[in-house]
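Reviewing the structure listed below.
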Amino acid sequence: SPYITTPTYPLQPFFCLCNCAARLCNLDIETYDQDPVPWEPYSVGSEGNPAWMNVGNASMRRNNADSRWSRLLTTAQVQNTAKRIYASKHNDADREIFFDPFVSLVKYLCSVWEKYDNVIAVELMNEPPVAGLPNIFYVLTLWAKILQFQADVMAELEKDAAVPKCPIAIANWTSTVENESFFIKLLTCLPCSGTPREAKKIFDSFAGQNRLILSFHFYSPPATGSFEEVIQLAKKNAIKLGGIPIYLSEYFENGAQLMADKLAVAVDQGANAVTYWQYVDRD
């Protein structure tokens, strides 16, 4: 299964539909037609550093900017890669290429927290993506897989006495909370989809040290309830994780006053910290 993008394995949807059919679902892949071999620049085995492909390859830029993110996240490459990432501690090859470097990055960010008073915590993942599609059986375990991956990282931090005791913010699929929509209820109601026992031990340990925060976003969709309802669901979720603080780390309103009003509502509803998403005014 492809997890990199090359001329041999161009970016493609996870499902077996031609691009014109995928366009009906707004999931088609665009290709920059001015490159002789569109997916070659910066790809593995070609000229250019593959680490720069996301910004250097013109076809990739057609599919990873602004409203195109949903198309990128539903590609076979992302679905296969995310599945490997979530299990990367337990696979020697994936541990070497992803898990260990990721843990090293988190350790560095913990050192930044130690230096600067205005750094509150380190958030391990922002909007963890769905993974494993089209394998629905894997998707039904996704909630647990994402929690276990974050617990795996936190366990590695605890093994290294030189790492500062930095608070850690955790999140789940797309930074949602339990019960905010029917689909998320489905993801969290099965025995295979709850918080894994070993992960809960790690979370309890960090919560007992006042080092665990639940990060979540509010967007509708995926939420089907109101802004206030989702915050209350986050509080209930945080109680299950040890009575930890909740951090509304992202929401959006089209206007400064609307943004400020929602911020005030979030604080009144009991959010311990709030930040928001806004576009830069380049004019």
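The values are calculated or read from the model by the stated rules, or taken from the named source; none is laboratory data. Remember, predicted model here, so these are calculated numbers, not experimental data. Every residue, glycine among them, receives a Cβ derived from its backbone with ideal geometry; neighbour counts consider all protein chains shown. All accessible areas refer to the heavy atoms of the entire protein, side chains included, with ligands and DNA or RNA removed. Shrake-Rupley method; radii C 1.70, N 1.55, O 1.52, S 1.80 Å.
If you filter the range 250-283 down to residues that are assigned to a loop (DSSP other than H, G, I, E, B) and among the aliphatic types (A, V, I, L, M), you find that the one that is nearest to Asn172 (Cα to Cα) is Ala271. Of all residues in the range 92-137, those being part of a loop (DSSP other than H, G, I, E, B), out of contact with any helix residue (DSSP H, G or I) (no Cβ under 7 Å at 6 or more places or on another chain) and of a type outside the set (A, V, I, L, M) number 5.
Return yes or no: is Ala199 of a type in the set (A, V, I, L, M), crowded, with 19+ Cβ neighbours inside 10 Å, touching a residue at least 40 places away in the same chain (Cβ under 8 Å) and outside any loop (DSSP other than H, G, I, E, B)? Yes: the conditions hold for Ala199.
Within the range 250-268, being open to solvent by less than 70 Å² (accessible area, probe 1.4 Å), of a type in the set (A, V, I, L, M) and free of Cβ contacts under 8 Å to residues at least 24 places away in the same chain holds for Met259, Ala260, Leu263, Ala264. Taking every residue in the range 26-40 that is under 22 Å from Asp66 (Cα atoms) and pairing it with any residue that is of a type in the set (Phe, Trp, Tyr), at least 6 positions away or on another chain, the pairs with Cβ-Cβ distances below 7 Å are Pro38/Tyr32. Is it true that Trp52 is at pLDDT below 90 and out of contact with any Pro (no Cβ under 6 Å at 6 or more places or on another chain)? No.
Go through the residues of the range 145-153 one by one and say whether even a single one is open to solvent by 20 Å² or more (accessible area, probe 1.4 Å) and part of a loop (DSSP other than H, G, I, E, B). No, the range 145-153 contains no residue that is open to solvent by 20 Å² or more (accessible area, probe 1.4 Å) and part of a loop (DSSP other than H, G, I, E, B).
Per the conditions (1) more than 25 Å from Ala121 (Cα to Cα); (2) open to solvent by 10 Å² or more (accessible area, probe 1.4 Å), the sole criterion not satisfied by Ser193 is (2). Any residue that is assigned to a loop (DSSP other than H, G, I, E, B) and open to solvent by 50 Å² or more (accessible area, probe 1.4 Å) - is there at least one of those in the range 50-65? Within the range 50-65, one or more residues are assigned to a loop (DSSP other than H, G, I, E, B) and open to solvent by 50 Å² or more (accessible area, probe 1.4 Å). Scanning the range 228-249 for residues that are free of Cβ contacts under 8 Å to residues at least 40 places away in the same chain and outside any loop (DSSP other than H, G, I, E, B) returns Gln232, Lys235, Ala238, Ile239, Ile246, Leu248. The number of residues in the range 98-136 that are open to solvent by 70 Å² or more (accessible area, probe 1.4 Å) and among the aliphatic types (A, V, I, L, M) comes to 3.
The set of residues in the range 68-83 that are surrounded by 19 or more Cβ atoms within 10 Å (Cβ to Cβ) and charged (D, E, K, R) comprises Arg71, Lys83.
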